1. Rounded, prolate or oblate: which fits segment B:524-604 when a ≥ b ≥ c are the square roots of the eigenvalues of the alpha-carbon gyration tensor, with rounded for a/c under 1.5 and prolate only if a/b beats b/c?
2. I need to check one value: relative contact order of chain A, counting alpha carbon pairs closer than 8 Å and at least 6 residues apart, in percent.
3. Can you give the calculated 222 nm mean residue ellipticity of chain B, where each DSSP H run of n ≥ 4 adds -39,500 (n - 2.57) and the sum is split over every residue, rounded to the nearest 500 deg cm²/dmol?
4. Quick check: from the Cα gyration tensor, does segment B:358-508 come out rounded (a/c under 1.5), prolate or oblate?
5. Subtracting the Cα-Cα distance from 0.36 nm times the residue separation, let me have the gained length for residue B:69 to residue B:620 in nm, one decimal.
6. Over every pair of different alpha-carbon atoms in the protein assembly as shown, take the mean of 1/r and invert it; report that Kirkwood radius in Å.
7. Need one number: convex hull volume per residue for chain A, Cα atoms only, in Å³.
8. Between residue A:96 and residue A:38, take the C-beta separation as r, use R0 = 45 Å, and let me know the FRET efficiency to the nearest 0.05.
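All of the numbers you see were taken from the coordinates with simple rules; none came from a lab. Not measured: the values here are computed from a predicted model. When we count neighbours, we look across all protein chains shown, and the Cβ atoms used for this are built from the backbone with ideal geometry, even at glycine.
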């Protein structure tokens with residue numbers, strides 16, 4: 001028998017917790033998509049039910065809500081990116097930790113992608129009237 | 001833990017081959033139709049895809065012949081409409097997706113160090129659905145009944161009023177039938193990549209092609225259900241008169257557009273990402289160095305996959321959506337170019353940092369880089385709303401998507417075919433013919449479609465069968481048509497090369513390109529079982545780091561080097577680390593996939609001919625066959641006799657554990673089901689919000705509590721089933737059968753409750769869109785509840801016969817996933833369709 005160390009066996013590591021779990025590869029952008037649908041659908045419903053006055057231009061409660069939600073979500077994704085990056089640094093820099101390091105680094109990049117996507121997609125709410 | 005798949009002493013390769021061939025070899029003659037081996041099925045997929053490509057290509061040539069000059073009478077409007085609809089539909093559904101899934105099905109087990117995909121019979125079933133569905137769909141051309149409403153079948157053009165014939169039915173039923181194959185292949189590929197790899201191969205060591213197919217397959221699983229739902233709803237509207245898209249009855253044609261493009265935009269990336277995986281595989285081999293930025297390429301592909309789901313409305317910029325909402329999609333459409341750009345830079349950096357060898361596959365990759373970059377840039381242009389309005393439905397858009405699809409998919413695919421040709425056939429192509437074919441295709445393609453950008457900017461709309469002279473469109477159309485024939489000659493040269501190489505090509509060495517990935521260790525051409533023994537892999541470049549692998553594998557020096565037990569086996573691993581968990585026992589050749597596929601084809605024909613009673617009978621027969629097929633799986637006595645003697649220490653067959661591939665397959669099927677159900681609920685809320693006066697009545701016709709009672713029955717059934725699984729995990733099978741029968745009874749009671757709700761709700765689906773959605777939801781829940789009940793009853797029966805129990809505890813957990821879905825679906829229906837209207841519905 002050849003001894004074989006389990007590189008990323010079951011159970012969380014004490015130094016990284018669950019921050020290098022493979023679910024992080026899909027969690028951030030899944031939540032981004034949920035945010036995207038909620039924002040698009042929410043604006044549509046708000047325009048159908050209680051549209052802000054078009055004379056107000058982009059400065060109205062709906063755009064403010066869109067921007068506030070986007071800022072909150074982008075910040076949360078940014079924090080998650082930072083936590084994942086920190087977890088990647090804590091994984092031992094040897095072959096046994098390569099898999100976990102890969103996941104944590106990739107997750108960090110994907111959370112950062114979610115943060116950037118949230119901020120950029122919401123940006124037009126600074127300029128555009130929502131319901132016309 | 002210790003590695004249970006340690007190295008074995010060498011054996012005589014010839015004797016070992018004979019031993020494996022007895023178990024894995026393919027029968028000849030008519031019995032070849034029962035073959036399920038991934039290599040054979042994938043070859044059939046690819047060959048069939050090429051045939052459909054040629055038919056669709058010929059239709060494209062007819063279109064160009066018609067448009068070559070103004071006022072030509074070569075084709076009338078009706079024939080032209082049929083030709084462009086069939087050309088687009090066949091290229092997208094019958095060629096681009098299936099052929100890439102075929103390529104993946106052929107390569108992935110070999111790249112990952114496995115002997116087959118995890119669901120070989122499902123793969124064969126998918127192929128028969130694809131073949132029969134494709135034949136039925138294509139036959140509409142010969143019958144002069146081909147659909148003519150365009151490949152995206154917008155309503156009301158595709159409704160009974162404007163498409164009264166059978167053309168739209170051919171599209172809706174035929175394409176939905178073919179999508180069974182696409183979904184089956186996606187589930188098979190996903191589970192195989194995650195669970196059936198070489199020991200030790202962690203996620204971070206997956207070949208990039210495997211990553212691309214993992215992401216693509218998950219996109220198919222989530223992205224295709226909205227279209228499947230839309231097709232079912234539209235067919236129900238056409239055949240049964242239910243109102244979904246008819247604004248006079250509370251429906252909305254834009255709901256179809258949303259459902260179509262929820263599928264349709266990710267589809268572009270579903271087609272592109274596998275091709276990107278091919279490029280990321282070939283570029284390092286010909287640059288003779290590892291891919292620069294492997295993690296960045298993986299992250300980019302994941303990012304592309306997700307962001308592509310946030311672009312669907314950019315196909316609907318002209319329908320009157322408010323500017324802010326359009327801007328969300330415009331931004332997302334620009335964003336998606338960034339991860340694609342990262343991949344592009346990784347390929348260029350790899351070539352820059354390597355020592356590139358220019359050969360035929362690399363010619364096609366270079367062609368891809370040029371064409372796809374141009375197509376990507378016009379894509380970013382189209383993300384700008386004002387420009388999009390300007391060129392909407394013009395030939396500019398046609399040119400753009402041909403640059404993206406032919407550049408982004410066909411060129412890398414042909415590069416890949418040339419690269420893996422020695423693997424398919426054991427022979428090398430003719431370099432002279434191959435280069436001639438490339439240059440003709442490249443010049444022909446650009447001559448056709450680059451010019452078409454100008455035709456579009458000059459204002460020529462797409463889908464017009466002719467035009468008047470003197471509008472400035474004459475010359476560019478003539479140039480496009482002439483060059484389209486040049487491109488056709490290029491493809492013909494390529495096909496000639498492929499045909500001749502089988503006989504005249506020189507014999508290929510084992511690894512002719514000095515590639516790094518494991519498929520080149522499985523023989524050229526490969527043996528049916530891929531590997532006589534399964535190596536331990538802890539690198540992304542196994543053949544560069546251990547060039548002796550082909551010999552040691554063939555000599556049986558790695559894991560599972562026996563087949564005398566008569567089983568088809570491969571290793572089941574942890575999805576993340578690659579740690580070996582169990583031995584996956586793969587099913588052998590079977591007639592069930594062919595019989596089930598043939599019955600579904602009959603069902604499709606019966607529905608097309610509106611023979612509804614025979615359709616019900618055929619559907620019941622198909623369900624019976626599928627259940628009979630499922631009966632043989634897992635721990636059936638004919639499958640697993642005497643396993644203990646042959647297995648490596650510490651390993652069990654998957655049916656003796658709680659975590660085999662079937663559990664993952666069921667999980668992914670439920671994910672697809674959830675995507676379909678979410679699309680349905682989106683439709684419900686969409687009609688409520690968007691249609692004038694479409695607010696649901698405050699008092700739901702379903703009542704407040706009946707659906708709650710049904711949900712309670714399903715919850716109790718799920719709890720009973722889960723309790724049984726927990727007991728099995730704890731090592732007790734006491735009362736297991738009783739639990740399973742209890743769950744069956746509760747499921748039957750839930751179904752009876754749904755029927756009662758339906759009978760008492762007095763819904764009028766032909767008069768009101770709301771009632772149509774409620775009726776469909778009840779039908780959906782009823783079908784799922786019935787299936788869950790039948791499967792629980794079959795589990796009880798299997799327990800009684802000893803196929804399920806302490807020694808084989810695997811299956812109840814798989815069935816419990818379906819119960820879980822039923823419970824959630826029923827609860828959501830109650831909340832959204834009974835409770836929500838109480839709070840926000842229209843007062844009486």
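1. prolate
2. Details: 145 pairs, mean separation 56.9, N = 132.
Contact order relative to length: 43 percent.
3. Working: 28 runs with 539 residues, N = 844.
Calculated mean residue ellipticity at 222 nm is -22000 deg cm²/dmol.
4. prolate
5. 193.0 nm
6. It works out to 29.5 Å.
7. With only Cα atoms used, chain A gives 106 Å³ per residue.
8. Details: r = 41 Å, r/R0 = 0.91.
The formula returns an efficiency of 0.65 here.
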